[in-house]
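Structure, as structure tokens:
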Amino acid sequence: MLIFHLGPLATSLFSLLAILALVLSFVMLGSHWLKNHVYAFAAESWVIAAISASIGYYGHYPELYIIAALSALFRGSLLPYLVLRLVKRLHINREFTPLLKPSSSMLLGAALVIFSYEVARQLGVSLHLTDNIAVLALTCMFSLKLIGFLMMILRSEAISHILGLLVIENGIFLGSQIIVPGMPALLELVIIFDLVTIVMAFGMLVRFLQSHAGTTSSRGLQKLVG
Amino acid sequence: MVDFNALIAALWIVPSLAIIAMLAIRRPSWGEFLNLASALVVFGLTLTILVAAPNNAVVSADQYILITPLGAWVLFCVGVVYLLASIYAIGYMRLLPEERPRLHKFYALQAGFALTMLIAPLMNNPGIFWIAIDFTTIVSAFLVGFEREAECIEAAWKYLIVVSAGLALALLGIILFYWGGTFTLGPTYALTWENLRLTAPKVPEALLFFSFLLTLVGFGTKVGLAPMHTWLPDAHSEGPAPASAMLSGALLNIALLGIYRFLSIVDAGGYSLMSHTALLVLGVISLAVAGLFIVRQDGAKRMLAYSSLEHMGVLAMGFGFGGPIAFAGAMYHMINHSLTKSLMFFGAGNMMRAYESKSMSQMRRILRYYPFSGGVWLLGAVAITGAPPFGLFLSEITILRGGILSANPWAVWVMAVLLILIFTAFLNHFRRMIWGPEPEPGKEPTLKLSLWNILPMLLAFVPILVLGLWWPNGLWTFFQHAFAVAP
């Protein structure tokens with residue numbers, strides 16, 4: 001398996017890229033401007049595409065180059081474009097009603113990363129994989145997941161929710177590239193297209209929300225309770 | 001030997017052709033006709049697949065398609081509910097004249113929703129299964145938001161966000177399952193249910209259980225198990241009634257099939273007690289939440305949505321107890337629930353249109369104004385609470401019986417108490433609707449229900465009565481068989 005025989009250079013490259021993706025998610029946590037979120041997400045997607053490509057190179061999985069290219073194209077360019085267009089159409093530039101200040105949400109994010117590391121370490125111990133890149137990959141995967149959820153919880157704008165979901169998906173992609181690079185490429189391709197479909201569905205619904213419900217903030221969606 | 005590939009191809013092509021035709025012709029009457037025709041054909045095909053159902057799991061089409069007895073059963077439930085909902089949709093949508101210009105879109109969405117549900121149970125690759133489930137969410141979210149009122153859009157939005165976030169967890173679980181397999185089968189192997197079961201014994205307990213919990217929470221969100229159920233009452237109550245019936249009667253079963261398949265992987269790994277208990281606990285919480293919310297509910301369809309939550313809890317407990325008896329009970333429960341819940345949603349849709357309100361406090365003296373359809377609705381309510389002589393009584397009692405023999409007999413008592421609570425609360429609402437105050441002057445219902453509105457209720461009612469009085473021996477054998485082979 002790839003994770004067992006990686007050279008030191010490859011290991012440090014993957015670690016660097018994985019941590020870079022994690023740091024970019026903190027950029028999203030630390031800002032309330034929706035445009036910054038989208039740019040950070042796009043950058044994160046490009047980083048993940050770079051991870052795919054370098055794993056394809058070091059692990060000799062040629063199909064990963066295609067995944068990398070598609071990932072950069074769809075996640076790194078098309079999705080951010082679609083979300084930015086949505087931001088412009090809705091005339092919402094920033095998150096107006098965050099529950100916490102950026103500093104507090106970043107602190108919470110840091111706590112989540114520590115928690116993820118603990119879970120990943122425990123899994124690593126049970127698999128006899130301590131000190132392996134897999135632990136780092138799992139940590140990033142779980143952290144991005146939890147940070148994505150945190151973004152969805154703390155923010156109420158519909159677009160922030162979409163972005164939170166995209167961060168979660170990015171985390172899964174990042175982790176799966178490192179721990180299961182041999183996973184059938186077909187599946188990853190379909191998931192990329194699935195993501196595009198779901199973002200378009202979200203886009204349509206957000207526009208309906210604005211025109212029919214008069215709000216795009218989840219705090220305005222209070223009609224259905226109990 | 002039946003050619004399953006041809007049957008399945010037909011199963012997918014017929015609704016697809018119907019959708020294309022509906023969108024091309026753009027006429028409401030053609031939409032009604034094409035959707036009904038497609039539903040009839042689909043029902044026939046699912047029945048054929050069920051009857052010819054393999055004694056063992058059949059894998060075809062280059063490992064992508066899997067037909068198992070349980071899968072064929074879930075597919076049959078989809079066929080039944082799709083047919084009933086298509087008949088009812090004709091009657092119901094004719095009561096909404098303002099939607100008439102967009103009616104072809106509604107029928108296309110309904111057929112599309114059915115199509116996605118006909119794909120998912122047949123997927124041999126858990127990843128593709130996940131994608132199929134994701135597509136059911138996207139299509140049905142537009143069905144929920146079809147009426148374009150603020151509430152509908154809000155419900156559709158919550159549905160899409162909550163379920164997508166939940167399903168993302170399930171995807172992580174699937175990847176971790178795959179990772180567990182790479183330790184024995186090498187870095188690249190075909191992702192199939194069978195391979196995951198084969199490799200499970202070699203996967204460390206922590207990883208296996210962790211992956212299972214992720215898929216349980218993920219697909220549990222889609223099933224609507226509490227505490228991930230928050231989208232369910234909104235989505236089920238705001239969509240048009242035929243769509244609600246399909247969401248509740250067909251879709252939830254499919255997600256549960258996924259959970260059961262992942263459960264079988266953990267079972268194959270030899271760590272069944274913890275995972276079964278986890279499923280049971282979610283089932284118990286669902287029953288408790290459903291019970292408490294039914295007591296103080298006022299929206300007719302919201303109450304039915306919480307009742308779906310209750311029945312998914314019962315099903316989760318049936319599968320969670322494990323063992324042949326509880327399993328047979330759960331399978332029987334699936335079809336009984338699909339039929340009864342469809343009937344209930346149709347009845348609720350009729351009354352909502354008649355009294356022009358979603359609220360049960362406005363639906364007054366239903367038996368005086370609608371002696372026949374109101375009466376069938378009342379009988380359906382008795383059935384849905386699990387009272388004899390209807391099918392759900394038999395299946396619930398079988399699940400309880402199986403539970404006593406299981407490793408978690410405590411849950412049987414909790415389940416019994418909560419079922420009694422729900423029975424009382426549910427019928428109390430019906431008591432108010434039948435013997436409560438008179439309608440305010442000028443608010444008496446005047447709507448005439450057509451045969452299209454009542455026929456599907458009867459079509460659902462007759463089998464639940466028959467299945468309650470007589471559990472066919474062939475079905476029992478089939479369930480035992482389904483339990484013995486891989487799901």
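Readers should treat all values here as calculations from the given coordinates under stated rules, not as data from a laboratory. Quick caveat, the model's predicted, so the values are computed rather than measured. Backbone-built Cβ (ideal geometry, glycine too); neighbour counts: all protein chains shown.
Using a Gaussian network model of chain A in which every pair of alpha carbons under 10 angstrom is joined by a spring, one finds that among A:Ala50, A:Ala201, A:Ala69 the greatest mean-square fluctuation is at A:Ala201. Counting only other chain Cβ atoms within 10 Å of each residue's Cβ, the peptide B:132-140 averages 2. Pairs of Cα atoms nearer than 8 Å and 6+ residues apart set the relative contact order; for region B:4-484 it is 15 percent. If you fit an axis through the alpha-carbon atoms of helix B:4-25 and take the longest principal axis of the Cα set of chain B, what angle between them do you get, 0 to 90°, nearest 10? That helix lies at roughly 40 degrees to the long axis. First select every other residue whose beta carbon is under 12 angstrom from the beta carbon of B:Leu273; then total the charges, Lys and Arg +1, Asp and Glu -1. Neighbourhood net charge equals -2.
Summed over qualifying helices (DSSP H, 4 residues or more, each -39500 (n - 2.57)) and divided by its residue number, chain A shows a 222 nm mean residue ellipticity of -24500 deg cm²/dmol. Output the DSSP H helices from chain A with an along-axis C-alpha extent of no less than 24 Å and a mean Kyte-Doolittle hydropathy no less than 0.5. Flagged H segments are A:8-29, A:34-59, A:102-126, A:133-154, A:158-179, A:185-208.
Here region B:4-484 is treated with +1 on each Lys and Arg Cβ and -1 on each Asp and Glu Cβ, and its dipole about the Cα centre works out to around 680 debye. With K and R counted +1 and D and E -1, the other residues having a Cβ less than 15 Å from that of B:Lys105 yield a net charge of +1. Structure remark: mean-square fluctuation, Gaussian network model of chain A, C-alpha springs under 10 Å; the largest value among A:Lys35, A:Lys88, A:Lys145 belongs to A:Lys88. Would you look at the GNM of chain A, springs on alpha carbons closer than 10 Å, and say which of A:Ile55, A:Ile66, A:Ile162 moves the most? Comparing A:Ile55, A:Ile66, A:Ile162 in a Gaussian network model of chain A, the most mobile one is A:Ile66.
Have a look at B:Leu171, B:Leu469, B:Ile138 and report the one farthest towards the positive end of the charge dipole of region B:4-484, computed about the Cα centre with Cβ charges (Lys/Arg +1, Asp/Glu -1). Farthest towards the positive end: B:Leu469. Between the Cα long axis of helix B:150-185 and the first principal axis of chain B there is an angle of about 10°, rounded to the nearest 10. Shape class of region A:1-73 from the alpha-carbon gyration tensor: oblate, with a/c at 1.5 or above and b/c at least as large as a/b.
Note on B:173-180: average number of Cβ atoms from other chains within 10 Å of each residue's Cβ is 5.
Evaluated on chain B, the Kirkwood hydrodynamic radius is 22.3 Å, with distances taken between all distinct Cα atoms. Per-residue ellipticity at 222 nm computed for chain B from its helices equals -26000 deg cm²/dmol, with DSSP H segments shorter than 4 residues left out and the rest contributing -39,500 (n - 2.57).
Could you tell me which of rounded, prolate or oblate describes region A:136-226, using a ≥ b ≥ c as the square roots of the eigenvalues of the alpha-carbon gyration tensor, with rounded for a/c under 1.5 and, failing that, prolate when a/b is larger than b/c and oblate otherwise? Note, shape of region A:136-226 comes out oblate. Along the axis of the charge dipole computed for chain A (Cβ charges of +1 for Lys and Arg, -1 for Asp and Glu, origin at the Cα centre), the listed residues A:Ser105, A:Ser52, A:Leu129 are led at the positive end by A:Ser105. An oblate overall shape is assigned to region B:105-190, the ratio a/c of its alpha-carbon gyration tensor axes (a ≥ b ≥ c) being 1.5 or greater and a/b not exceeding b/c. Per residue, the average separation of C-alpha pairs within less than 8 Å and at least 6 apart gives region A:1-151 a relative contact order of 28 percent.
Only one residue of B:Leu392, B:Gly71, B:Val382 has its Cα farthest out toward the positive end of the dipole of chain B, where Lys and Arg carry +1 and Asp and Glu -1 on Cβ, and that residue is B:Val382. For region B:337-477, relative contact order (Cα pairs under 8 Å, six or more residues apart, normalised by length) works out to 43 percent.
Considering only Cα atoms, the convex hull volume of the protein assembly as shown works out to 145 Å³ per residue. For chain B, find the longest principal axis of its Cα atoms and tell me its angle to the long axis of helix B:324-355, 0 to 90°, nearest 10. Helix B:324-355 sits roughly 30 degrees off the main axis of chain B. Counting Cβ atoms of other protein chains within 10 Å of each Cβ in A:171-182 and taking the mean gives 4. Within the shell defined by Cβ-Cβ distances under 12 Å, the residues around B:Phe319 carry a net charge of 0, with Lys and Arg each +1 and Asp and Glu each -1.
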